[in-house]
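Data block below; observations after.
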Amino acid sequence: MKIAALIVAAGQGTRIGGTVPKQFATVAGRPMLAHSYTALSSHPAIDDVVVVIGEGQEPALTAAIGTARHVLGGATRRESVANGLAAIDAERVLIHDAARPFLSHAVIDALLAALETHEGALPALPVADTLARGGEVLGETVPRDGVVRVQTPQAFRTATVRAAHAAWPADREATDDAQMVRALGRQVALVPGDIALEKITHPADFAAAEARHAATLRVRTAQGFDVHRFATGKELWLGGIRIPHDKGLSGHSDADVALHAITDALLGTIGAGDIGMHFPPSDPQWRGAASARFLEHAATLLATEGGIIDFIDVTILCEAPKIGPHRDSIRGSIAAILGLAVGQVSVKATTTERLGFTGRGEGMAAQAIATVRLPAATA
């Protein structure tokens, strides 16, 4: 049973103000779209994720999540979903709004389970507030018994939702796909919604989303350590920067001790082993590889777990070369690789007072500490 997911992200997001459509604006340290894309693409049951974007939004999409399968949307949400449905080959589909970034695997699991017995399913929350008709003055109250707040993703058997779109009047708009399926005479099951799935529409919603997300995070810290010997005829790379020196560091990759130490620290925050487990020295494909690739991989694994990097601190141990003249360049390079502000990276250097292998100039070592925030369920 193949399962696909569509993320509807074709809007212009004009109600939030600014020049960036809201689906690409930053919330909880990442572009809004990146949160739900990570949740869907990392779910073991989902085989394909397609993002529906607006015309000219390809650069923003790449900046937000890298290379991703995408299609262009239409003038309305209904047309955008139809374009997405035409691009998938799956028996089940989840249709999600990018403006609801904090999607959990638990909600996805509940939706997929409901599809075993229903042709559609959606997450919903009960209504707690008093409902009333309004205008210039308060009107009569509306009974809230049996009234729910509808969220996304909405899950369907693909043939059913395609039939609903085909039958829907072209001159009538629909606010979601579930009402189209109901109009076809099919039942849509309700599963428990999640307050974290609140839709971000107005500027004030960003602050509320940040607060909700922050309340779910826990701080975790881990360290990494790496050592490499000096060798003639090698280039010296530190923090992703080539440093002029008469010797370089010997290793299967470019032997960047600073990036290796940081990589291990980030892997440690999520209990994902060490750099050698992910990039074995015995594998020839990593011979001479840029260590930035290793660090980017660790950062991606952390992001998949919903983690946010708060701070990186690395100490380089060597007698030579002097690190001070290159400190700012190294900080900037590490920050760029991890998508951080330079102020979130600390680079220090020290000697061992000519004691040990670093003191004798035989090699170089680095120690790093990473401080991150992870969802409580992970941490």
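Every number in this text was worked out from the coordinates using simple rules, so none of it is lab data. Treat the numbers as computed from the prediction; the structure is a model and nothing was measured. Please note: Cβ atoms are built from the backbone with ideal geometry, for glycine as well, and neighbour counts cover all protein chains shown.
Calculated on the Cα set of the range 28-70, radius of gyration then Dmax: 10.6, 31 Å. Of all DSSP bridge pairs formed entirely within the range 3-215, close to 40 percent run antiparallel.
Just round it to a whole percent: the fraction of Cα-Cα distances in the range 225-379 exceeding 23 Å. Cα-Cα pairs of the range 225-379 separated by over 23 Å account for 33 percent. Rounded, prolate or oblate: which fits the range 104-227, taking a ≥ b ≥ c as square roots of the Cα gyration tensor eigenvalues, rounded meaning a/c under 1.5, else prolate when a/b beats b/c? Because a/c hits 1.5 or more and a/b fails to exceed b/c, the range 104-227 counts as oblate. For helix 105-114, what angle does its Cα long axis make with the longest principal axis of the chain, in degrees from 0 to 90 and rounded to 10? Computed tilt is about 40 degrees. For the range 1-128, the pair-distance distribution built from all alpha carbon pairs, in bins 10 Å wide starting at 0, is 12, 44, 34, 9, 0 percent.
Projecting the Cα atoms of Ile316, Thr26, Phe294 onto the charge dipole of the chain, computed from C-beta unit charges around the Cα centre, puts Ile316 farthest toward the positive end. Taking all Cα pairs closer than 8 Å and separated by 6 or more residues, the relative contact order of the chain comes to 15 percent.
Computed over the chain, the range of Cα coordinates on each principal axis works out to 82, 47, 36 Å, biggest value leading. For Leu238, the residues whose modelled amide H falls within less than 5 Å of its own, excluding neighbours fewer than 5 places apart on the same chain, are Ile243. Given R0 = 22 Å, the distance between the Cβ atoms of Arg212 and Val150 translates into a calculated FRET efficiency of 0.70. The protection proxy used here, the mean number of other Cβ atoms lying within 10 Å of each residue, ranks peptides 222-231, 131-140 as follows, highest first: 222-231, 131-140.
Taking every DSSP beta bridge that has both ends in the chain, the antiparallel portion is near 60%. For the chain, the dipole from Cβ point charges (+1 on Lys and Arg, -1 on Asp and Glu) about the Cα centre works out to 360 debye, to the nearest 20.
Our estimate of slack between Thr67 and Ala87, defined as 0.36 nm per intervening residue step minus the Cα-Cα distance, is 5.5 nm. In this Cβ point-charge picture (+1 for Lys and Arg, -1 for Asp and Glu), the range 111-229 has a dipole of about 420 debye about its Cα centre.
Placing unit charges on the Cβ atoms only, positive for Lys and Arg and negative for Asp and Glu, gives the range 217-375 a dipole magnitude near 200 debye about its Cα centre.
Full extension of the chain between Arg172 and Val20 gives 51.8 nm of extra length, using 0.36 nm per residue less the Cα-Cα distance. Placing unit charges on each Cβ (+1 for Lys and Arg, -1 for Asp and Glu) gives the chain a dipole about its Cα centre, and among Thr352, Thr216, Ala159 the Cα reaching farthest toward its positive end belongs to Thr352. Considering Cα pairs under 8 angstrom that are at least six residues apart, work out the relative contact order of the range 3-215 and quote it in whole percent. Relative contact order for the range 3-215 comes out at 24 percent.
Between 0 and 90 degrees, the angle of helix 77-86 with respect to the longest Cα principal axis of the chain falls at about 70 degrees. Helix 327-338 and the longest principal axis of the Cα set of the chain meet at an angle near 30°. Length available on full extension from Gln285 to Asp47: 0.36 nm per residue minus the Cα-Cα distance, which gives 83.0 nm.
Ellipticity at 222 nm from helices only: DSSP H runs of n ≥ 4 in the chain, each -39500 (n - 2.57), divided by the residue count, give -8500 deg cm²/dmol.
Using a Förster radius of 30 Å, what is the FRET efficiency between Arg229 and Ala341 based on their Cβ-Cβ separation? Nearest 0.05, please. My answer for the efficiency is 0.35.
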